[in-house]
Structure formats: structure tokens, C-alpha cells
Amino acid sequence: MLNLPIIGGMATMPSREENLKEVLPEILNQVDFLYIYLDKYEYIPTFLHEFPKIKIIENLNLGCTGKFKGLHLYDNDCIYFGFDDDIIYPNNYVDHLVKCLADKNYKAVVGVHGSIIKKPFNSFVKDKLVFHFADFLAEANYTDTLGCGTIAFHSAFYRPNISSWAEKNMDDLNVMQECVKQKIKRVCVPRPKNFLKKFNGPGPQEDSIWFQVLINDDKQTKFVQKLIRDYPSYFF
């Protein structure tokens, strides 16, 4: 396997500060550096200064896309991981995904949470087959989208061009679009049940992106429909 630095990126917001405190230690045990983008923050949480591996990126109005900003601040090649602040990662998470990348000769984007677009496609919420990150998956599956809080890639092979993204809170779809255009495969990795676990907070988080998508997925649906029209041979 390649001996490259493991660099992580995460976007977090004030309503998830307690989540962040819980999930950080296991992530930091597995990375060389973690860039944390402080979305919607007007201050820097003091506890972040306790961790020398953390690189803080203050609010730049990037939304959750800020999790990829670290890739543009780190000058050298690396294996880049996208993390979420509401997922509990196991202690072998990085090793497992790096192995899966190596199995593809580092020429793919790999992840744990993925989905396949169904046709006819009329709803982003309803018309897809989901490989949920907490579910068992016996073997690797090629997929259309990957959840950007569960992905890894070689920075020399794929580098998200976030400055070109018109929508800053649609990372999964922006990555899918770039990969379709560049003919980059996305792979949902095999894993045991509950390899990743959802952080159980006090209740539904109404300021989360997914909560808002469940209410209205028109924007996401139209995005995918246009991609299908533009690349009909890809979606079959």
C-alpha cells in the first residue's frame, strides 16, 4: 500500500457541538490531520484547541462543502477522507477504506454509504436503492452516489473542484456529477452490520440538510434528472 498521509475533512455547526466532542477522539486516532470547517459558527469552540491534529477553518459560507476545503489547503498528495459529525466510526475505519482503495489501485472513490439511481427517476428521496452505512454489505458494489461523510480517495486521482459547485450543500450529487464527467468509479465497500453507527442525539435535527431534503427534494431531483439527460448512456 502507498505510504501517504491520511488527511480528513469535516464540516460541523453549532447545533452539533456535543456530537463533535463524542466522535472526534476515534477519528483523530486514525488521521494525520483533520481539517474542521466551522459552518455557521461565530466563535471557535475552545475544546478544539486541545487537539494538535486539528486544523480549523473558520466560516466561509461554504455549507457542508467546507469538509473538502482542507484538500485545497494541504499541498501534498494524500488519502483524503470525508467525515461527518453525527457518525460513530470504528477504530479500523481508515485501514479498511485504504485497503479497499488499494484493491482498486487507488483509481476509484470508495465509501460506506451509497445509492444507485432508479429509473424512471422522479424523486431523489424515493427513487434510489440505498446501501445504508449501518447495513451489512457482503461485497463491493459500484454505485452512483456516495455519502461524503463516508468517502475516501487518492488526491492525485480525484480532487473535488468545489469552487465550481453552484450548490454548496449537495456534496454527494456534486461528487457524482464530477465522477460521471471524469469516468471515475464509485465503490460502496463491503462491511459488517453496524460498521458505522448513527450518533443518537436528543431527537430529529431540523437544521440538518437531510431533514430539509425530506421536506422538499425538488432541487436534488432536478439536479439528477439533468445529469441523466446529459449522460443517458451512463444511467441505464
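If the only charges are +1 at each Lys and Arg Cβ and -1 at each Asp and Glu Cβ, what is the size of the charge dipole of the chain around the Cα centre, to the nearest 20 debye?
960 debye
Grab the Cα-Cα distance for L2 and Y41, subtract it from 0.36 nm times how many residues apart they are, and report the gain in nm with one decimal.
The L2-Y41 span can extend by a further 10.4 nm.
Going by amide H atoms built from the backbone, whose H comes under 5 Å of the H on F131, apart from near neighbours?
Amide H to amide H, under 5 Å and 5 or more residues apart or across chains, F131 pairs with G114, S115, I116.
Grab the DSSP H runs of the chain that are 4 residues or longer, score each as -39,500 (n - 2.57), total them, divide by all residues and round the 222 nm result to the nearest 500 deg cm²/dmol.
After summing the helix terms and dividing by residue count, I get -7500 deg cm²/dmol.
When the Kirkwood radius is taken over all Cα pairs of the chain, what Stokes-Einstein diffusion coefficient follows at 37 °C and 0.692 mPa s, in µm²/s? Provide the component values of the computation, followed by the final result.
Numbers: Rh = 18.1 Å.
Translational diffusion coefficient: 182 µm²/s.
State whether the range 1-138 is rounded, prolate or oblate according to the following rule on the C-alpha gyration tensor (a ≥ b ≥ c being the square roots of its eigenvalues): a/c under 1.5 gives rounded; otherwise a/b larger than b/c gives prolate, and the remaining case gives oblate.
Since a/c reaches 1.5 but b/c is at least a/b, the shape of the range 1-138 is classed as oblate.
From the backbone phi of the range 164-172, what are the Karplus-calculated ³J(HN,Hα) couplings (6.51 cos²θ - 1.76 cosθ + 1.60, θ = phi - 60°) in whole Hz, Gly and Pro given as x?
For the range 164-172, the Karplus curve yields 8, 7, 5, 10, 8, 10, 10, 4, 4 Hz.
Would the range 151-204 count as rounded, prolate or oblate if I go by the C-alpha gyration tensor, calling it rounded below 1.5 in a/c and otherwise prolate when a/b exceeds b/c, oblate otherwise?
Numbers: a/c = 2.74, a/b = 1.43, b/c = 1.91.
Taking the square roots of the gyration eigenvalues as a ≥ b ≥ c, the range 151-204 is oblate.
Per residue, what accessible area does the chain have, given a 1.4 Å probe and all protein chains present, in Å²? It would help to have the intermediate numbers written out before the result.
Numbers: 11790 Å² over 236 residues.
On a per-residue basis, the chain sits at 50 Å².
Mind checking the full-extension length gain between N76 and F51? Use 0.36 nm per residue of separation minus the Cα-Cα distance, one decimal, nm. Spell out each step's value before the answer.
Numbers: separation 25, 0.36 × 25 = 9.00 nm, distance 2.18 nm.
Between N76 and F51, full extension yields an extra 6.8 nm.
To the nearest 10 Å², what's H113's accessible area with a 1.4 Å probe?
Approximately 50 Å² for this residue.
Multiply the residue separation of K183 and N91 by 0.36 nm, subtract the distance between their alpha-carbon atoms, and state the gained length in nm to one decimal.
So the extension gain works out to 29.9 nm.
The values are calculated or read from the model by the stated rules, or taken from the named source; none is laboratory data. In this text the structure is predicted, and so the values were computed from the model without any measurement. Note that each Cβ is placed from the backbone with ideal geometry, even for glycine, and that neighbours are counted across all protein chains shown. Side chains included, ligands, DNA and RNA excluded: accessible areas come from the protein's heavy atoms. Shrake-Rupley method; radii C 1.70, N 1.55, O 1.52, S 1.80 Å.
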